[in-house]
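Taken together, the values in this text are just the output of simple stated rules run on the coordinates, not laboratory data. None of the values given here were measured: they were computed from a predicted structure. For neighbour counting, all protein chains shown are included, and Cβ atoms are generated from backbone atoms with ideal geometry for every residue, glycine included.
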Amino acid sequence: MANENDFNLLEQYSKAEKFVNENKKSLSIILGAAVGLILLYFGYQRFYLEPREKEAASQMFVAEKYFEQDSIDKAINGDGNFPGFLEISENFSGTKTGNLANYYLGISYLKKGQFQEAIDALKNFDGEDDLVSSIALGAIGDAYSELNDMDNALKYYEEAAQNNQNKLTTPLYLMRLGMVYENQNKFQDAVRIYNTIKKEFPESNEARDIEKYISRAEAKL
């Protein structure tokens with residue numbers, strides 16, 4: 001014997017069936033559009049992005065070699081036969097290689113002492129690897145420090161230290177953070193940072209002489 005719930009289910013089914021019948025054309029258009037977007041996405045990935053990725057990687061190989069050899073001008077601008085990081089970052093934006101070119105470009109500008117250009121390039125870098133993204137943030141801090149913009153230097157050193165806590169980059173950028181605090185006469189903050197290095201990263205290079213830094217900052221409190 002049918003109960004009230006059965007009647008409710010039948011009623012809902014009937015309404016749904018009626019809606020489908022009345023809107024077949026619209027639903028077909030929506031479904032077709034969704035399928036079209038999916039096919040467009042995979043087509044974009046397969047036939048446009050992947051070939052561009054391979055081309056970008058093959059071109060940047062030479063720029064990376066110049067970077068490793070400290071031929072910074074050629075790494076940035078190319079050698080006449082192969083493009084440098086600047087051209088690759090502009091021509092292959094949207095690819096992983098083009099994104100990585102922004103990182104190399106920023107570090108290259110930093111080495112040349114072109115600090116604002118370094119900041120601009122590194123801010124265009126979207127780091128997926130935690131270690132590289134920490135170094136990029138720290139490099140922005142370095143560039144701001146060289147420009148004597150200590151507020152932004154503090155901001156980026158702190159971000160670099162917190163981005164991915166590890167035994168390599170975290171104590172490095174904590175140390176730079178502490179030194180900027182000292183430079184700004186914020187000695188209590190400097191002591192706090194140095195003690196963090198001492199307690200949490202005792203085996204790091206930065207911890208070797210940390211007592212000296214702690215004593216120096218404490219003497220100025």
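Extension gain, E203 to S93, is 35.6 nm, computed as 0.36 nm per intervening residue step minus the present C-alpha separation. In percent, rounded to a whole number, the relative contact order of region 84-138 is 26, using alpha-carbon pairs under 8 Å and six or more apart. Per-residue Cβ neighbour counts within 10 Å put F187, F201, F85 in the sequence F187, F201, F85, beginning with the fewest. Over the C-alpha atoms of region 68-221, the Rg to Rh ratio, Rh being the Kirkwood estimate, stands at 1.05. Computed from backbone phi with θ = phi - 60° and the Karplus coefficients 6.51, -1.76 and 1.60, the 3J(HN,Hα) list for region 193-201 is 5, 4, 5, 5, 4, 4, 7, 9, 9 Hz; x is used for glycine and proline. A simple spin-label model places the labels of K123 and D149 0.6 nm from each other, with each point 7 Å out along Cα-to-Cβ. Sequence-distant contacts, meaning Cα pairs under 8 Å at least 6 residues apart, place the relative contact order of region 128-221 at 21 percent.
Calculate the FRET efficiency for N183 and E64 from the Cβ-Cβ distance with a Förster distance of 35 Å, rounded to the nearest 0.05.
Working: r = 35 Å, r/R0 = 0.99.
So the FRET efficiency works out to roughly 0.50.
Would region 40-126 count as rounded, prolate or oblate if I go by the C-alpha gyration tensor, calling it rounded below 1.5 in a/c and otherwise prolate when a/b exceeds b/c, oblate otherwise? Intermediate values should be presented prior to the final figure.
Working: a/c = 3.06, a/b = 1.65, b/c = 1.86.
Judged from the Cα gyration tensor, region 40-126 comes out oblate (a/c at least 1.5, b/c at or above a/b).
Take the Cα of Q165, step 7 Å toward its Cβ, do the same at E55, and the gap between the two points is 4.5 nm.
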